[in-house]
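Rule-based calculations on the coordinates, nothing more; no lab input. Because the structure is predicted, anything quoted here is derived from the model rather than measured. So basically every Cβ, Gly included, is an ideal-geometry build from the backbone, and we count neighbours across all protein chains shown.
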Ligand SMILES: [Zn+2]
C-alpha cells in the first residue's frame, strides 16, 4: 500500500473514526483508505482535495437487510432502483435477502442467477444472504462455499409460498448443518402457534393488526432460538426485533455466552403504534411497530448493547398491494434512502451521538456479516464514506425517493441530517441525493 500514490484526500473538521470524532484528512489510494492524517496535512502532489468543511465524514453505512426482489418481482423493487436509493441515503453496502425474488437464493444456481442480474445495476456494493428452507439442507454448504454471508429462515409463514418456514425440528437440522461449517443463521423470529392463536380482525384499524402479531410470538420464538443456539453452540442473529419483552432473554443469553446478535429497524425506533392512522398500511410490517413505551426500551437496549445494529428491512411492494385492510395488505416498510436521517433525528432527540449511530448502522452490521473491509474510517479499509450535514433538516417528499415504489411511512416528516454525498471505494456515487454511475461490486464472503 505504501507505494501506491495517494489520489484523493477527503477533509473535514468532523471525521468519525473508531477512536472518536476529530478534524482530519483521509488519504485514499486505489479505493482504500491509506491513512487518517491531521486536518492540515499537506496534500500529496497529484492528489485531489475534497474539503467538506464542517460537514461530517462518516463511514458508508452497511445495510444487511434489504429485499431487492430482483429478478422476479421487479415491479416491487430492483437492483438498479434499490442501490440508487441506498447511494442517495449514504449506504455503500447492502446485503440482499434471499426471498421475494424469483428464484429465491436457496441454491448456488439461484445465487448465480441473482448475481448476473445485479452485476451491471449495482450503485453500491452488493452481497447476498442464502435461504434455509425445509428441503434445501444439502444446498447450504455449497451456498456457503459460493460466498453467501449466512442463511435466513422463517419460523412462521414468510408471506410468499416459495419460501416456506422451518418447524423446530427443521430448524435444529439446518442449524446443526450451518454450525458444522461455521456459518451464521439469521432468523425471522415469530412463533407460528402464537400467531395462529391471535385474533385476526380484518379492516383498517391498526390496533386490530397489532393484536394479531402479539409480543408473545416474538418472545417465544426468540426463547426457542436461544435454546437451540445454546445446545448446538451455534451462531444466530435475530432479525428485526420489535418486542421489548424479549430483551431480558437476549441480555441473559449474551451474558451466558450464547452466540446471539440482534438487529432492530428504523420503523420500530422512530414510529409508534399510537400514531399510525387507520388504513395506513404503509406502516404495516411483521413483526409490527409497537407502542411508544416499547420503543423507549428498544433504545435503552441499543445503548447497553443488547441490540447490536440497526438495518432497514427495506421490503417494498407495489402501491396496489398496500390496501387499507391491515389483515391483507402487503407487510413491509420502505426506508432504504431514509434510515440514516430517520435514526439520527430520533437519536439526537434522545441524547445519543452520531458516533452511536455510526456504530449501529455501519460498524456493527459490517461485523455481523464479517465485512472486514467495511464499517470504519481507518487505514486499510475501503474508502466508503457518507458526508452528512447533521444539523440541516428536510421534509420527506416521496417523489425524491429512488425506490421503485415511492410508498413510505415517512412522507411529510421533517428529519435532521442531509446526506450531501456518498463515496464508494474513493468514487463519488451520489451528489445531494442524485446517484451517479453504477460502480458497485458484487461481494462474496471471504473465509
Ligand atoms: Zn426482511
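Could you state the angle between the C-alpha long axis of helix 247-256 and the longest principal axis of the C-alpha atoms of the chain, as a value from 0 to 90 degrees rounded to the nearest 10?
That works out to roughly 70 degrees.
For 444, 19, which order do you get if you count the other beta carbons within 10 Å of each Cβ and list the fewest first?
On the way: 444 14, 19 10.
Lowest count first: 19, 444.
Please give, to one decimal in nm, the separation of the simple spin-label points placed at residue 252 and residue 43, each 7 Å out from Cα toward the Cβ.
For residue 252 paired with residue 43, the spin-label model returns 5.8 nm.
Starting from the 7 Å offset along Cα-to-Cβ, what nm value, one decimal, do you get for the label separation of residue 427 and residue 325?
4.8 nm
Using the basic label-point model (7 angstrom from Cα toward the beta carbon), what is the residue 137 to residue 274 distance in nanometres?
The answer from the label model is 4.8 nm.
How much of the DSSP bridge set in the chain is antiparallel, in percent, rounded to the nearest 5? Present the calculation step by step, with values, prior to reporting the outcome.
Details: 33 of 66 bridges.
Taking every DSSP beta bridge within the chain, about 50 percent pair in antiparallel fashion.
Picking from 17, 434, 395, which is most flexible by a Gaussian network model of the chain using Cα springs under 10 Å?
395
For the chain, what is the calculated [θ] at 222 nm in deg cm²/dmol (nearest 500), taking -39500 (n - 2.57) for each run of four or more DSSP H residues and dividing by its residue count? Present the calculation step by step, with values, prior to reporting the outcome.
Details: 13 runs with 125 residues, N = 447.
Per the formula, -8000 deg cm²/dmol.
At q = 0.06, 0.09, 0.13 Å⁻¹, what log₁₀ I(q)/I(0) does the chain have when each alpha carbon counts as one equal point scatterer in the Debye sum?
Values, matching the q order: -0.23, -0.53, -1.15.
Calculate, for residue 400 and residue 5, the FRET efficiency according to 1/(1 + (r/R0)^6) with r their C-beta to C-beta distance and R0 41 Å; round to the nearest 0.05. Write out the running numbers ahead of the final one.
Details: r = 38 Å, r/R0 = 0.93.
According to the calculation, E is roughly 0.60.
Can you tell me the mean projection area, over all orientations, of the convex hull of segment 119-218's alpha carbons? Units nm², please. Please report the intermediate quantities before stating the final value.
Numbers: hull surface 35.5 nm².
Over every viewing direction, the Cα hull of segment 119-218 projects on average to 8.9 nm².
Report the gain in length on full extension from residue 120 to residue 211: 0.36 nm times residue separation, minus Cα-Cα distance, nm rounded to one decimal.
Working: separation 91, 0.36 × 91 = 32.76 nm, distance 4.35 nm.
Here the answer is 28.4 nm.
Taking the alpha carbon gyration tensor of segment 46-178, what are the square roots of 5 times its eigenvalues, largest first, to the nearest whole Å?
Details: eigenvalues 207, 50, 39 Å².
The equivalent ellipsoid of segment 46-178 has semi-axes of 32, 16, 14 Å.
Calculate, in nm to one decimal, what residue 196 and residue 75 gain on full extension: separation in residues at 0.36 nm each, minus their alpha carbon distance. Write down the numbers at each step before the final one.
Values: separation 121, 0.36 × 121 = 43.56 nm, distance 3.07 nm.
Value of the extension gain: 40.5 nm.
Can you tell me which of 411, 389, 342 moves the most in a GNM of the chain? Springs connect C-alpha atoms under 10 Å apart.
Between 411, 389, 342, it is 411 that shows the largest mean-square fluctuation.
Which residue, 288, 341, 142, tops the fluctuation ranking in a GNM of the chain built on C-alpha contacts under 10 Å?
Residue with maximal mean-square fluctuation among 288, 341, 142: 142.
Dividing the alpha-carbon radius of gyration of segment 1-83 by 2.2 N^0.38 Å (N being the number of residues), what value is obtained?
Details: Rg = 17.3 Å, N = 83, 2.2 N^0.38 = 11.8 Å.
Its radius of gyration relative to the 2.2 N^0.38 Å reference: 1.47.
Count the DSSP beta bridges whose two residues both fall in segment 1-108, then state the antiparallel fraction as a percent rounded to the nearest 5. Numbers along the way, then the final one.
On the way: 14 of 24 bridges.
Restricted to segment 1-108, the bridges split so that about 60 percent are antiparallel.
Distance between Cα centroids, segment 205-267 to segment 64-131: provide it in whole Å.
Their Cα centres are 26 Å away from one another.
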